[in-house]
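So the structure is just underneath, and the comments pick up after that.
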Amino acid sequence: MKFIPCQDLSRALFHERIEPLIAETYPEMKYAAATFGMCSESLGLDDEVSMDHMWGPRVTLILSRKDHDRHAKDLMAKIREAMPTEFKGLPVTWPKHGGDIQDTSEEAMYSIWTTTVDGALGFCGGLKALPLQDVDWLKVSEQHLLEFNNGVVYRDDTGEFSGARHMLRYYPDDVHRWLLMCAWNSVGGDWFPIGRIGTRGDRLGLRIQAAKIARHMMVLGFMVSRQYAIYRKWFGTLFKRLPIAAELEPVLMSLMQEEDWRQVEQRVWDAAAIVLRHQNELGIAPEIPIEVKKATDGRHYLDCDFWAIGRKTAGRIPPRIKALQANEVFWMDNKQHILWNEEHGKWVLFLQKD
């Protein structure tokens with residue numbers, strides 16, 4: 001089978017087969033159609049290898065609640081009846097039990113289904129109502145926010161679906177600043193032991209810390225580019241697409257290769273300076289001076305106070321988010337949980353699906 005990118009295949013299937021069918025059978029119905037959500041194809045990153053599992057045309061039809069209640073079952077039956085088993089030489093069915101969430105027959109269409117805007121929100125992280133308010137943003141994983149906004153929209157008669165995507169395009173400034181603060185705190189936590197690790201000759205430990213900080217800087221790169229970060233498989237691939245990557249990636253590569261702990265600290269600051277310049281250009285937080293001095297504490301080569309950068313970045317934030325800050329929030333290394341008043345799991349926020 002010749003590979004066709006899923007978004008191209010899905011667009012053709014919708015315009016050539018699904019859209020005319022709906023126009024004929026429900027000419028007055030207003031709806032949206034899109035390819036978005038989970039998997040590499042929704043990001044436009046699928047290739048020949050992707051075809052080995054759960055791959056095929058992916059079209060979601062978003063109806064009003066009224067039309068969905070009245071017509072969804074009948075509409076899917078008509079589409080199922082009219083669909084060929086192959087389109088452009090590729091299968092449109094997933095010959096496995098349970099392949100379609102609305103039909104559990106052995107030969108069900110793969111990833112062609114109907115929903116509502118509320119249903120789409122619920123599927124992407126359990127969202128129930130828009131707009132989100134400050135802390136509510138933190139209850140939804142960054143991955144789910146990305147999934148709701150990725151892909152392509154083929155039509156949207158009412159604009160409701162596109163409007164919901166626009167509202168979740170990226171974090172509001174208050175939440176954004178707080179997350180930037182947390183990211184700078186993460187840099188500080190992994191930067192702090194570099195001197196002690198290096199002076200003891202722990203070359204492997206030094207490389208591990210450099211790698212951790214490189215990842216933190218990449219996360220910050222996504223943040224200052226107002227782009228949601230993705231899970232690990234495509235993390236580096238999407239990072240390279242960011243405007244900041246052309247400048248930041250060479251510094252991070254150099255950081256990963258340094259063996260002198262002093263130069264590791266220097267490269268960390270070089271990367272931080274690039275991120276800070278882009279952060280300052282955003283204009284959403286107090287401007288941070290991009291300057292550093294040599295350290296005099298006997299532990300470090302440079303006097304980098306990343307926690308102070310984080311505090312200044314946060315500035316004034318809403319009371320409910322400030323409560324997180326006031327209760328000594330500590331971020332775990334995998335960015336998946338918060339320690340709230342030293343009780344692991346009391347307040348669990350999924351910010352990154354790895």
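Bear in mind these aren't lab numbers, they're just calculated from the coordinates by the rules spelled out. From a predicted model like this one, the values you see are computed outputs, not experimental measurements. Here the Cβ positions follow ideal geometry from the backbone for every residue, glycine too, while neighbour counts run over all protein chains shown.
With axes computed from alpha carbons, what is the tilt in degrees of helix 203-224 against the longest principal axis of the chain, rounded to the nearest 10 within 0 to 90?
Between helix and principal axis, roughly 60 degrees.
Would you calculate the separation in nanometres between label points at D136 and V292, each defined as 7 Å from the Cα along the Cα-to-beta-carbon direction?
In this crude label model, D136 to V292 measures out at 4.0 nm.
To the nearest Å, what is the center-to-center distance of region 190-223 and region 1-55, using C-alpha atoms only?
Measuring centre to centre over Cα atoms gives 42 Å.
Only counting other Cβ atoms within 10 Å, I'd like W234, W113 sorted with the fewest neighbours first.
On the way: W234 14, W113 18.
The fewest-first ordering by Cβ neighbours comes to W234, W113.
In what sequence do Y154, Y231 fall when counting other Cβ within 10 Å, fewest first?
Final ranking by Cβ density, sparse to dense: Y231, Y154.
So which aspartates and glutamates pass the test for K78, namely a Cα distance under 20 Å, with those fewer than 8 places away in the same chain ruled out?
Straight-line reach from K78, under 20 Å: E16, E19, E24, E28, D67, D69, E86, D100, D103, E106, E107.
Using amide H atoms built in the peptide plane, which far-off residues or other-chain residues are under 5 Å from T114 H to H?
For T114, the qualifying residues are L61.
Helix-only mean residue ellipticity at 222 nm, the chain, DSSP H runs n ≥ 4 weighted -39,500 (n - 2.57), per residue, nearest 500. What is it? Walk me through the intermediate numbers first.
Numbers: 14 runs with 163 residues, N = 354.
Computed ellipticity for the chain at 222 nm equals -14000 deg cm²/dmol.
Among residues other than G201 whose Cβ falls under 15 Å from its Cβ, what is the net charge (Lys/Arg +1, Asp/Glu -1)?
On the way: positive: R196, R200, R203, R207, R262; negative: D202, E258, E259, D260.
Spelling it out: positives minus negatives among the neighbours equals +1.
List the relative contact order of the chain as a percent without decimals, with contacts defined as Cα pairs under 8 Å and 6+ residues apart. Kindly include the intermediate steps, with their values, before the conclusion.
On the way: 521 pairs, mean separation 57.9, N = 354.
Relative contact order of the chain: 16 percent.
On C-alpha positions alone, give me the angle between the axis of helix 173-191 and the longest principal axis of the chain, in degrees, nearest 10.
Its long axis makes an angle of about 50 degrees.
As a footprinting exposure proxy, order H68, H166 by other Cβ within 10 Å, with the fewest listed first.
Numbers: H68 20, H166 10.
So the residues, fewest neighbours to most, are H166, H68.
What's the extension gain from R316 to E24 if we count 0.36 nm per residue and subtract their Cα-Cα distance?
Extending this stretch completely gives an extra 99.6 nm.
Classify region 221-327 as rounded, prolate or oblate from the Cα gyration tensor: take a ≥ b ≥ c as the square roots of its eigenvalues, call it rounded if a/c is under 1.5, otherwise prolate when a/b beats b/c and oblate if not. Display every interim value, and only then the final one.
Values: a/c = 1.82, a/b = 1.09, b/c = 1.67.
In terms of gyration-tensor shape, oblate.
Ordered by packing density, taken as the mean number of other Cβ atoms within 10 Å over each peptide's residues, highest first, how do 169-182, 36-49, 277-290 rank? Show your work: numbers first, answer last.
Numbers: 169-182: 19.9, 36-49: 17.5, 277-290: 14.8.
For the peptides 169-182, 36-49, 277-290, the packing ranking is 169-182, 36-49, 277-290.
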